[in-house]
Number of protein chains: 2
Amino acid sequence: VRDRPTPEATVARLPLYLRVLVDLVTAGDVTVSSDALAVAAGVTSAKVRKDLSYLGSYGTRGKGYDVAYLVHQIRRELGLTQPWPIAIVGIGNLGQALANFRGFGDRGFRVAALVDNDPAKMGERLGDVVVRPVDELPALVAEQGIAIGVIATPAGSAQDAADALVAAGVRSILNFAPTLVSVPPAVTVRKVDVAIELQILAYYEQRKAVFREVRRGRRAATSRS
Amino acid sequence: VRDRPTPEATVARLPLYLRVLVDLVTAGDVTVSSDALAVAAGVTSAKVRKDLSYLGSYGTRGKGYDVAYLVHQIRRELGLTQPWPIAIVGIGNLGQALANFRGFGDRGFRVAALVDNDPAKMGERLGDVVVRPVDELPALVAEQGIAIGVIATPAGSAQDAADALVAAGVRSILNFAPTLVSVPPAVTVRKVDVAIELQILAYYEQRKAVFREVRRGRRAATSRS
């Protein structure tokens, strides 16, 4: 435990940097400037330098950061040096999409358990993992050392899924269901809400439409004068 | 166009408030305090008051905000007074999960087009909408007035999907594929990245583990003394 805790907003940006850096490694790049990293991650270079300073990484003037070392530092900071086993609850379309998502492996995660309460789905195999009943969750969590659970159920079953995960000892939950779930204070929940992302887009889309109207109005005024 | 633009961070929080407020309307609540709204949305009440001040909403001392009016104001600000028609590109498991997502209707969106380049999927019906080939996208966008596109393809097809959306005149894109896409500057892209959400959770999970170790160490030290 360090003296200076990493701010939440920095933690939220580290995975963005990591994704860019892994692409740079693949492309054979050895160093990267804070400017280049900033453009690729969509933030200012001052923010990049400040964020990376929390990892004790300051780069070299005129050369920038060592890409491979920075990948190592961010992975260590995020706790991704060992793959985290995750459990997915709810194996409908979304659960299947997540179970088949190729990206988990090289991003520090491994799908270790799939559970559902639909008897028709039991025994179905997705990748290397077989769908099991929800009541086997405590055994699966203990066996596989699962610390992170993903809720991919419909809204109506999300609280049951959260309760089952918490009862099984899971303390970090990613919730895809379009509803809030209640958990004890020691459990962390992050919510992925598609409609919220769309609503943010709608705001900017609307602003663009307003600006187009204004510009058109101005042009019309100019051509009249 | 107002004098004081709403900050990006406020825009990102308005959908959170909206979700809470719609639940309150359903529960029959007429007013809400900034404190209650803050707790439900997971922010401070000072932030709630500041955010809502951008909408010209200040509440009444001792009574709080009028719930129904605040819903109206946020919907108007976000441009959700008319449902936005959206197009989904890529009708695999994820695209189907999104197409069947019940939440869109009452959140200001309507799935108006589903496209894929797999001939086996053509003509398949999801809800009220039939899957069409990608080359019909320009016609569908024009007919349905689509301004927002959702990419639900695998990573390898995401850039093609983005190009098709942009060529068809779509200017706002929500990208679910685990890769970055390039678009012209006038187009807005928001990225939903499951692995990034998991990486943020992993960080907090790791911190919890460290604190548990420290606490255990302290207890051991105490019991020894």
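The values are calculated or read from the model by the stated rules, or taken from the named source; none is laboratory data. In this text, all values refer to a predicted model and were calculated from it rather than measured experimentally. Glycine gets a Cβ as well: all are built from the backbone with ideal geometry, and neighbour counts include every protein chain shown. Heavy atoms of the whole protein, side chains included, go into the accessibility calculation; ligands, DNA and RNA do not. Shrake-Rupley method; radii C 1.70, N 1.55, O 1.52, S 1.80 Å.
Of all residue pairs spaced 6 or more apart or on separate chains, those with beta-carbon atoms under 9 Å, a first member in segment B:79-90 that is touching a residue at least 40 places away in the same chain (Cβ under 8 Å) and facing another protein chain (nearest Cβ under 10 Å) and a second member that is among the acidic types (D, E) and outside any strand (DSSP E or B) are B:W84/A:E205. Applying the set (1) at positive phi; (2) in contact (Cβ under 8 Å) with a residue 24 or more places away in the chain; (3) of a type in the set (G, A, S) to B:A41 leaves exactly one unmet item: (1).
Looking at the structure I just gave you, is A:Q73 in contact with a Gly (Cβ under 9 Å, 6 or more places away or on another chain) and modelled with pLDDT under 90? Against the criterion (in contact with a Gly (Cβ under 9 Å, 6 or more places away or on another chain) and modelled with pLDDT under 90), A:Q73 does not qualify. Taken over segment A:189-208, the criterion of being more than 20 Å from B:P185 (Cβ to Cβ) and out of contact with any Gly (no Cβ under 8 Å at 6 or more places or on another chain) is satisfied by A:V189, A:R190, A:K191, A:V192, A:D193, A:I196, A:E197. How about segment A:63-88: which of its residues are under 30 Å from A:A167 (Cβ atoms), in contact with a strand residue (DSSP E or B) (Cβ under 8 Å, 6 or more places away or on another chain) and open to solvent by less than 10 Å² (accessible area, probe 1.4 Å)? Matches in segment A:63-88: A:I86, A:A87, A:I88.
For segment A:98-128, a residue qualifies if it is assigned to a strand (DSSP E or B) and either under 16 Å from the mean Cα position of the chain (by Cα) or modelled with pLDDT of 95 or more (or both), and the qualifying residues are A:F109, A:R110, A:V111, A:A112, A:A113, A:L114, A:V115, A:D116. For segment B:178-188, the candidate set comprises residues that are open to solvent by 30 Å² or more (accessible area, probe 1.4 Å) and facing another protein chain (nearest Cβ under 10 Å); within that set, the residue that is farthest from the chain's Cα centre (by Cα) is B:A186. Checking every residue in segment B:5-12 against the condition of being without any contact (Cβ under 8 Å) to a residue 24 or more places away in the chain and either over 22 Å from A:V192 (Cβ atoms) or in a loop (DSSP other than H, G, I, E, B) (or both) gives at least one match.
Among the residues making up segment A:17-31, those that are open to solvent by less than 50 Å² (accessible area, probe 1.4 Å) and either within 12 Å of B:Y203 (Cα to Cα) or within 10 Å of chain B (Cβ to nearest Cβ) (or both) are A:L18, A:R19, A:V20. State whether the residues of segment B:42-54 include one that is open to solvent by 50 Å² or more (accessible area, probe 1.4 Å), under 24 Å from the mean Cα position of the chain (by Cα), more than 18 Å from A:K191 (Cα to Cα) and not basic (K, R). There is at least one residue in segment B:42-54 that is open to solvent by 50 Å² or more (accessible area, probe 1.4 Å), under 24 Å from the mean Cα position of the chain (by Cα), more than 18 Å from A:K191 (Cα to Cα) and not basic (K, R).
For segment B:165-177, a tally of residues being buried (at least 22 other Cβ atoms within 10 Å of the Cβ) and more than 20 Å from the chain's Cα centre (by Cα) returns 1. Against the list (1) under 22 Å from the mean Cα position of the chain (by Cα); (2) free of Cβ contacts under 8 Å to residues at least 12 places away in the same chain, the condition B:R61 fails is (1). Under the condition of being open to solvent by 60 Å² or more (accessible area, probe 1.4 Å) and within 14 Å of chain A (Cβ to nearest Cβ), the residues counted in segment B:103-157 number 5. Here A:D23 clears all of (1) part of a loop (DSSP other than H, G, I, E, B); (2) without any contact (Cβ under 8 Å) to a residue 24 or more places away in the chain except the condition numbered (1). Within segment B:189-210, the set of residues being over 24 Å from A:V194 (Cβ atoms), more than 7 Å from chain A (Cβ to nearest Cβ) and among the hydrophobic types (A, V, I, L, M, F, W, C) comprises B:A209 only.
If we scan segment B:79-93, do we find a residue that is over 24 Å from B:G169 (Cβ atoms) and either more than 23 Å from the chain's Cα centre (by Cα) or not in a helix (DSSP H, G or I) (or both)? Step through it out loud before you land on a result.
So in segment B:79-93, the residues over 24 Å from B:G169 (Cβ atoms) come out as B:92-93.
From what is left, the residues that are either more than 23 Å from the chain's Cα centre (by Cα) or not in a helix (DSSP H, G or I) (or both) are B:92.
Yes: one or more hits.
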